[in-house]
């Protein structure tokens, strides 16, 4: 799926990290649920709605989760960020008010090698408070 | 990493999945795919046909009961 998104559709916001389903950098939503797009065949998404990071902001207005990541400085290099933002949206859809432990558990499929996760957790909490 | 060529069929029912699987000895079931697809991409696995059971709502359940669980009860 990620090759279709990036190479054919030119949606370059979906990053591939490990390419083996471990790191979560390539996370997108299919019908609102997070999946790792390096390990989904495009045909599996046939007829379903795929959301990438490009589809979140409304014009100049960031999605509340993007805004929270920005305000809480939940990134350094930013490579893992699109995947984290989409995984967070999926998490908050299932659990709108997660505890810190539930956030860490819910995002355990996404790896960040810069931040140590602390600010990512704060961003998810801020997004939850904002009703994202 | 790109997998070897394969055919793909999306099963519309459990019976259809069984029939498709029985018609090709090198066919494999595709459910979550998070083990199968990486091995296909590394070419450790080269199924001729993938039978996608990802949309079979008949199989989408977890049931609790008082009965025993075990392969050899």
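The values are calculated or read from the model by the stated rules, or taken from the named source; none is laboratory data. Since the model is a prediction, treat every value here as computed from it, not as a measurement. Glycine gets a Cβ as well: all are built from the backbone with ideal geometry, and neighbour counts include every protein chain shown.
Suppose we keep only residues that are within 11 Å of another protein chain (Cβ to nearest Cβ) and without any contact (Cβ under 8 Å) to a residue 12 or more places away in the chain within the range B:37-65. Which one would you say is surrounded by the fewest Cβ atoms within 10 Å (Cβ to Cβ)?
B:39
Hey, does the range B:16-28 have a residue that's within 24 Å of residue A:22 (Cα to Cα), within 14 Å of chain A (Cβ to nearest Cβ), more than 11 Å from the chain's Cα centre (by Cα) and surrounded by 11 or more Cβ atoms within 10 Å (Cβ to Cβ)?
No: the range B:16-28 contains no residue that is within 24 Å of residue A:22 (Cα to Cα), within 14 Å of chain A (Cβ to nearest Cβ), more than 11 Å from the chain's Cα centre (by Cα) and surrounded by 11 or more Cβ atoms within 10 Å (Cβ to Cβ).
Mind listing just one residue for me: the one in the range A:1-17 that is within 15 Å of the chain's Cα centre (by Cα) and within 12 Å of chain B (Cβ to nearest Cβ) and, of those, surrounded by the fewest Cβ atoms within 10 Å (Cβ to Cβ)?
A:16
Only residues that are modelled with pLDDT of 95 or more and either farther than 20 Å from residue B:8 by Cα or away from chain B (no Cβ under 12 Å) (or both): list them for the range A:18-31, please. Spell out the reasoning first.
Initial filter on the range A:18-31 (modelled with pLDDT of 95 or more): A:23-31.
Across the range A:18-31, the qualifying residues are A:23, A:24, A:25, A:26, A:27, A:28, A:29, A:31.
Which one of the conditions (1) surrounded by fewer than 20 Cβ atoms within 10 Å (Cβ to Cβ); (2) out of contact with any strand residue (DSSP E or B) (no Cβ under 9 Å at 6 or more places or on another chain); (3) not in a loop (DSSP other than H, G, I, E, B) does residue A:115 fail to meet, given that it meets all the rest?
(3)
For the range A:40-64, which residues satisfy the criterion of being in a helix (DSSP H, G or I), under 18 Å from the mean Cα position of the chain (by Cα) and touching a residue at least 12 places away in the same chain (Cβ under 8 Å)?
Kept after step one, since they are in a helix (DSSP H, G or I), are these residues of the range A:40-64: A:42-45, A:53-55, A:64.
Going one step further and asking which of them are under 18 Å from the mean Cα position of the chain (by Cα), we end up with A:45, A:53-55, A:64.
Hits for the range A:40-64 are A:45, A:53, A:54, A:64.
Have a look at A:35, A:53, A:65 and point out the one that is surrounded by 20 or more Cβ atoms within 10 Å (Cβ to Cβ), touching a strand residue (DSSP E or B) at 6+ places or on another chain (Cβ under 7 Å) and either within 12 Å of another protein chain (Cβ to nearest Cβ) or modelled with pLDDT of 95 or more (or both).
Working: A:53 fails: touching a strand residue (DSSP E or B) at 6+ places or on another chain (Cβ under 7 Å); A:65 fails: touching a strand residue (DSSP E or B) at 6+ places or on another chain (Cβ under 7 Å).
Just one listed residue meets the conditions, A:35.
Does residue B:3 meet the test of being buried (at least 17 other Cβ atoms within 10 Å of the Cβ), assigned to a loop (DSSP other than H, G, I, E, B) and in contact with a strand residue (DSSP E or B) (Cβ under 6 Å, 6 or more places away or on another chain)? Step through it out loud before you land on a result.
Details: buried (at least 17 other Cβ atoms within 10 Å of the Cβ): yes; assigned to a loop (DSSP other than H, G, I, E, B): yes; in contact with a strand residue (DSSP E or B) (Cβ under 6 Å, 6 or more places away or on another chain): no.
Judged against the criteria, residue B:3 is not a match.
Within 13 Å of chain A (Cβ to nearest Cβ), at pLDDT below 95 and at positive phi: does that describe residue B:33? Write out each step before concluding.
Working: within 13 Å of chain A (Cβ to nearest Cβ): yes; at pLDDT below 95: yes; at positive phi: yes.
So residue B:33 passes the test.
Do we find a residue being part of a loop (DSSP other than H, G, I, E, B), within 17 Å of residue A:9 (Cα to Cα) and within 14 Å of chain B (Cβ to nearest Cβ) anywhere in the range A:103-111? If you could, list the steps in order and put the result at the bottom.
Just the residues of the range A:103-111 that are part of a loop (DSSP other than H, G, I, E, B), to begin with: A:107-111.
Still in the list and also within 17 Å of residue A:9 (Cα to Cα): none.
No - not one qualifying residue is present in the range A:103-111.
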